């Protein structure tokens, strides 16, 4: 039983779920916005905020953690260069979920 388990399952095994969130996070940070389902967006928000917080930290250990998680090495370096000036005054809540049209 899954009582009190807070990890969103997304209908996938753990390895597929991790790969899905890694690819969604990479694409969100690359393009700035993506279109996905509500459940995936809620799970993605946690991971994207975690990557931006690591980038704001700027330490070498944080950069290595981000390199181990995201798929694009150049994107990680670009994120670490620009995150401090873009999100410097904000303590979390870097992403926003907006609803689009209903699925058919």
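Derivation of every value follows stated rules applied to the coordinates shown; laboratory data play no part. Remember, it's a predicted structure, so these values are computed and weren't measured experimentally. All Cβ positions, even for glycine, are placed from backbone atoms using ideal geometry, and neighbour counts span all protein chains on display.
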| said: If neighbour count is taken as other Cβ atoms inside 10 Å, put 100, 25 in order from fewest to most. | reply: 100, 25
| Computed [θ] at 222 nm, helices only, for the chain once each DSSP H run of length n ≥ 4 contributes -39500 (n - 2.57) | -20000 deg cm²/dmol
| field | Förster radius 22 Å - calculated FRET efficiency between residue 6 and residue 38 (Cβ-Cβ, nearest 0.05) | value | 0.85
| field | Angle between the chain longest axis and helix 14-31 axis [Cα atoms, degrees, rounded to 10] | value | 50
| query | Using 0.36 nm per residue, how much length does the chain from residue 22 to residue 95 gain when fully extended, once their Cα-Cα distance is taken away? | reply | 24.7 nm
| Relative to the longest principal Cα axis of the chain, at what angle does helix 38-57 sit, 0 to 90 degrees, rounded to 10? | 20
| Roughly what angle does helix 73-87 make with the longest principal axis of the chain, taking Cα atoms, 0 to 90 degrees, to the nearest 10? | 80
| Using the count of nearby Cβ atoms within 10 Å as a rough guide to exposure, how do 53, 26, 37 rank from fewest to most? | 37, 53, 26
| Burial ordering of 81, 47, 27, fewest other beta-carbon atoms within 10 Å first | 81, 27, 47
